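Take this structure first; my questions come after.
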Amino acid sequence: MTSAQPLAIRAESLVKNYQTDWKGRRHRALAGVSFGVFSGSVCGLVGPNGSGKSTTLKLLAGLMQPDAGRCEIHGQTAEKARESGRVGYLPEALGLPAYLTGREFLRGFAQLGCLRGIEEKITGALALVGLEAAAGRRMGEYSKGMRQRLGLAQAVLGGPAVVLLDEPASGLDPRATAQLGAAIRQLREQGQTVLLSSHYLPQAEEWCDQVVLLDGGRVVFDGSIATVATSGGLQNLYLERTVP
Amino acid sequence: MNFPVARRMWWLLQQALREVVQQRFAWILGCTALVMIAGASVLREFNFGAEEGRFLRDFVEATLALWGTVMAIMLNVAMVQGGVEQGSLVMTFMRGVRRHEWLLSRWVAVGVALAWLTVLGYLTLGGLLAWHGHAVPVVELAGAGGRMFLRLALVSSFALTACAVSRGLLLATGLALSLTLAAQLSSILQWAGRHGGAAARWGWQAIDWVVPAFRVLDSGTNALHALIYAASYAVLYALLACALFSRREI
């Protein structure tokens, strides 16, 4: 990764407030978040609960509008990038219809995205997450880890340029976590850009080229994994830079 | 590249109808018919004489109105609020679907379900009348079925708007029920407006404008007028729901 590489993701001074009650009281979730992610790299968004990781990902996915600032995906606004299918997104809360099989679920999204060569693309996505054998089973029979992997398959279906993953390792056992790591490495090899949020610092260190540490809706560290290593590791940075 | 709007809407509608079926709707239809048949059998124990046919019809229509209202609200709440809370709609939006398209597809699917319920209710009524040896006024029952469907479609629009504006299941259900109640009590509201003070008059008048009156759908009113009136309000409420839902944070 060099600075000559184009930026795939650019977040500029993002501010987001949530209304918390009927009286109009507001909670500031993001207070001027800025960072960039180079094309073809993997970036980890880490931070304590409530630091603004999921909000940042939703803004970049074009699912919400910031109150101030802007976010771009390959030079397009996040909303345009979403509409043109250039972004894949795995939400934190993953509700899958229990009555569909994994393959039917992916087929629906592939049809909706008007993808060509639907069956090959579905097979490729299922192979990436190691779910080919279970693709014909109803999702009601899936374990949490399998559902999470199917969610990832949905996010990468059709090969979007940018993949946003909100807590992808949540609820996964060690084997499934290792599979997820392999899938993320494969996405990077294919030239796709991955931005993931995580609470698991060792995994973030292992999978990512870059780390953005958020606390209280602000970026408190943004650097390459080499910089993280010279600063004593991610765990050390986390404890030093975030407020307990 | 995404589906053209019409194909996208068709896809969304198919998914929504599938979800309606998954809410055990076929069972609910079957149970509704059974309740009507059982209730009609109990009614036969009483001696209504020549009025029996009218009692049967009142019973089935009252059951349908109450049960249909419950279904219209619960199906909207389950399909809209459930979709929001489970996060499944987020993945749909990532495929270029617009919020209003998703919401309208659910509204239409609930409308189809309510149409099934109405048809089943009136077919059961016709069957019960014939079984008990009464004349079956087919045209009259078809007209009454149409009016019942319009009423349920209005309740469904109220529920859709309530789901678009409120975040919790209870709040959405309460708001939809309040609007339904206001529509049901429109005659009383009108009377209170006429006989109250200036503030009450303006208050009731405002409610009368905002909430459609179910009394317009009564059998005594002109059918075309009832159709235009109910359809206009239903579409207005659905559009309001779309506008509110487009601004809602998910």
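The values are calculated or read from the model by the stated rules, or taken from the named source; none is laboratory data. What you see is a predicted model; the values in this text were computed from it and never measured. All Cβ positions, even for glycine, are placed from backbone atoms using ideal geometry, and neighbour counts span all protein chains on display.
Quick one: count up the residues across segment A:131-149 that are assigned to a loop (DSSP other than H, G, I, E, B) and either crowded, with 18+ Cβ neighbours inside 10 Å or of a type in the set (A, V, I, L, M, F, W, C) (or both).
5
Something else now. Can you find even one residue in segment B:55-70 that is under 30 Å from A:Gln154 (Cβ atoms) and either touching a strand residue (DSSP E or B) at 6+ places or on another chain (Cβ under 9 Å) or not small (Gly, Ala, Ser) (or both)?
There is no residue in segment B:55-70 that is under 30 Å from A:Gln154 (Cβ atoms) and either touching a strand residue (DSSP E or B) at 6+ places or on another chain (Cβ under 9 Å) or not small (Gly, Ala, Ser) (or both).
Can you tell me which residue within segment A:19-38, out of those that are among the aromatic types (Phe, Trp, Tyr) and either out of contact with any Lys or Arg (no Cβ under 9 Å at 6 or more places or on another chain) or without any contact (Cβ under 8 Å) to a residue 12 or more places away in the chain (or both), is farthest from A:Gln235 (Cα to Cα)?
A:Trp22
Any residue that is more than 17 Å from B:Val108 (Cβ to Cβ), surrounded by fewer than 18 Cβ atoms within 10 Å (Cβ to Cβ) and either more than 14 Å from chain A (Cβ to nearest Cβ) or free of Cβ contacts under 8 Å to residues at least 40 places away in the same chain (or both) - is there at least one of those in segment B:11-19?
no
In addition: Within segment A:119-130, which residues are assigned to a helix (DSSP H, G or I) and either in contact with a Leu (Cβ under 9 Å, 6 or more places away or on another chain) or closer than 21 Å to A:Ala169 by Cα (or both)?
Within segment A:119-130, A:Lys121, A:Ile122, A:Gly124, A:Ala125, A:Leu126, A:Ala127, A:Leu128, A:Val129 meet the criteria.
Oh, and also: Answer with yes or no whether A:Gln65 is out of contact with any strand residue (DSSP E or B) (no Cβ under 7 Å at 6 or more places or on another chain), within 14 Å of chain B (Cβ to nearest Cβ) and within 23 Å of B:Glu85 (Cα to Cα).
yes
Which one of these is within 21 Å of A:Ala93 (Cβ to Cβ), away from chain A (no Cβ under 14 Å) and within 24 Å of the chain's Cα centre (by Cα): B:Leu75, B:Leu103?
Selected residue: B:Leu103, the only one of B:Leu75, B:Leu103 that is within 21 Å of A:Ala93 (Cβ to Cβ), away from chain A (no Cβ under 14 Å) and within 24 Å of the chain's Cα centre (by Cα).
Based on this model, can you work out whether A:Arg188 counts as assigned to a helix (DSSP H, G or I) and within 19 Å of the chain's Cα centre (by Cα)?
Against the criterion (assigned to a helix (DSSP H, G or I) and within 19 Å of the chain's Cα centre (by Cα)), A:Arg188 qualifies.
What are the residue pairs meeting all of these: first residue in segment A:95-117, first residue within 20 Å of B:Arg24 (Cα to Cα) and within 9 Å of another protein chain (Cβ to nearest Cβ), second residue at pLDDT below 90 and not in a helix (DSSP H, G or I), Cβ atoms under 9 Å, and 6 or more apart or on different chains?
These pairs meet every condition: A:Gly95/B:Gly87.
Can I ask one more? Taking segment A:111-148 as the search range and keeping residues that are in contact with a Gly (Cβ under 7 Å, 6 or more places away or on another chain) and under 15 Å from A:Tyr89 (Cα atoms), which one is modelled with the highest pLDDT?
Ranking the qualifying residues of segment A:111-148, first place goes to A:Gln148.
On to the next question. Yes or no: B:Leu120 in contact with a helix residue (DSSP H, G or I) (Cβ under 6 Å, 6 or more places away or on another chain), away from every other protein chain (no Cβ under 12 Å), among the hydrophobic types (A, V, I, L, M, F, W, C) and surrounded by fewer than 23 Cβ atoms within 10 Å (Cβ to Cβ)?
yes
Which residues, counting only those in segment A:64-92, are under 27 Å from A:Arg147 (Cα atoms) and surrounded by fewer than 22 Cβ atoms within 10 Å (Cβ to Cβ)?
If the condition is that a residue be under 27 Å from A:Arg147 (Cα atoms) and surrounded by fewer than 22 Cβ atoms within 10 Å (Cβ to Cβ), then A:Met64, A:Glu79, A:Glu83, A:Ser84, A:Gly85, A:Arg86, A:Glu92 are the ones that fit.
Return only the number of the condition from (1) touching a Gly at 6+ places or on another chain (Cβ under 6 Å); (2) within 14 Å of chain A (Cβ to nearest Cβ) that B:Leu64 does not satisfy.
Of everything listed in (1) touching a Gly at 6+ places or on another chain (Cβ under 6 Å); (2) within 14 Å of chain A (Cβ to nearest Cβ), B:Leu64 misses just condition (2).
Something else: Between residues in segment B:223-243 that are part of a helix (DSSP H, G or I) and residues that are basic (Lys, Arg) and crowded, with 18+ Cβ neighbours inside 10 Å, which pairs lie under 7 Å by C-beta distance while being six or more apart or on different chains?
B:Ala226/B:Arg147
While we're looking at this one, here's another question. Kindly indicate which of A:Ser54, A:Ser41 is under 30 Å from A:Gln235 (Cα atoms), among the small types (Gly, Ala, Ser), within 14 Å of another protein chain (Cβ to nearest Cβ) and within 14 Å of the chain's Cα centre (by Cα).
One residue alone meets the criteria, A:Ser54.
Inspect all residues belonging to segment B:144-160 and state whether any of them is surrounded by fewer than 17 Cβ atoms within 10 Å (Cβ to Cβ) and of a type in the set (S, T, N, Q).
no
Among the residues of segment B:20-52, what is the count of those that are within 14 Å of chain A (Cβ to nearest Cβ) and surrounded by fewer than 16 Cβ atoms within 10 Å (Cβ to Cβ)?
4
Any chance you could count how many residues in segment B:196-233 are over 22 Å from B:Ala62 (Cβ atoms) and not charged (D, E, K, R)?
22
Within segment B:200-215, how many residues turn out to be aliphatic (A, V, I, L, M), surrounded by 12 or more Cβ atoms within 10 Å (Cβ to Cβ) and farther than 15 Å from B:Phe158 by Cβ?
Final tally of qualifying residues: 1.
Quick one: is A:Gly124 within 14 Å of chain B (Cβ to nearest Cβ) and not hydrophobic (A, V, I, L, M, F, W, C)?
Taking the combined requirement at face value, the residue does not satisfy it.
Output the residues belonging to segment B:86-100 that are within 12 Å of chain A (Cβ to nearest Cβ), more than 19 Å from B:Arg24 (Cβ to Cβ) and not aromatic (Phe, Trp, Tyr).
B:Gly87, B:Leu89, B:Val90, B:Met91, B:Thr92, B:Met94, B:Arg95, B:Gly96, B:Val97, B:Arg98, B:Arg99
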